[in-house]
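Asks: The structure follows.
The values are calculated or read from the model by the stated rules, or taken from the named source; none is laboratory data. Everything quoted here is computed from the prediction, not taken from an experiment. Note that we place each Cβ from the backbone using ideal geometry, even for glycine, and neighbour counts take in every protein chain shown. What goes into the accessible areas is simple: the full protein's heavy atoms, side chains included, and nothing from ligands, DNA or RNA. Shrake-Rupley method; radii C 1.70, N 1.55, O 1.52, S 1.80 Å.
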Amino acid sequence: MKVLLLTGLGALFFSYYWDDNFDPASLQGARVLLTGASAGVGEELAYHYARLGSHLVLTAHTEALLQKVVGNCRKLGAPKVFFIAADMASPEVPGRVVQFALDKLGGLDYLVLNHLGATPAGTRSRSVQATRWLLQVNFLSYVQLTSLALPSLTDSKGSLVVVSSLLGHVPTSFSSPYSAAKFALDGFFGSLRRELDVQDVNVAITMCVLGLRDRASTAEGVRSSTSPPPRPPELAATRTETPLSWWPWLKTESSRQKRKTEKNCQPLETVTTPGVQVRERMCSGLDPPSV
């Protein structure tokens, strides 16, 4: 009897939190600041938001690539699209980016942190200088952008989406500075999620963990030694789903905000990575996948 009762309660829990009721209209007119938007996952996310009618501020390092993405977003139906070229390795840049977005959009509903800086695959760059650079781009700039945007997100009861990496959960060879930055992201935003919950601040935080992606800078060095092969960015910018996720809950979000995020999700396909099977979803068009 106890086994049946526990099984029933477990089924109710999973059906409640895993119910998919994504409403595309929820993103129409949403004000979105998206970093790392010039290529790869960030570019595909920008196109997804544009199709759903969001107002966008896009930022990345290379202005020429950003201009191309902005033009494509306008063709796809985005009512407002602005861009600002920015190098997140400079500590003063995150403040300029957030202020630009607030000036252009009048506030923020979503902050999507997707930019990264990585040493080439196979290198052994563990110098203090390289580590400082990686931490600024991959961690400290995330903290700065979040701190500056949080008042506006609080006012709008918005959402914060942080794109991280499997290397923030599973360390591997020749990635120590980069992995350290990704572990730091998990610790910082995991703690921030709890702080906001305690303070009754209605801002959802979603951590998105990416596995191996088919990026031009790394694909050739690992293509022949990985199985399954790296995923292209257009697939990495969509969510997939399997019945269970294990080791250890690679997609996490605010305990108080799970309802808010999960109710805006839709299932897509099933993907299994080496040693990790991950349940994924497209969440309000803002949640890149673990692949």
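Asks: Which order do you get for Lys68, Lys157 if you rank them by accessible area with a 1.4 Å probe, largest at the top?
Replies: Working: Lys68 100, Lys157 125 Å².
Largest accessible area first, the list is Lys157, Lys68.
Asks: Taking a 29 Å limit on the Cα-Cα distance, which of the listed pairs Lys80/Lys182; Lys157/Lys182; Lys104/Lys157 fall beyond it?
Replies: On the way: Lys80/Lys182 32 Å; Lys157/Lys182 26 Å; Lys104/Lys157 19 Å.
With Cα atoms farther than 29 Å apart: Lys80/Lys182.
Asks: Quick check: pseudo-label points 7 Å beyond the Cα along Cα→Cβ at Arg74 and Thr62, how many nm apart are they?
Replies: 2.1
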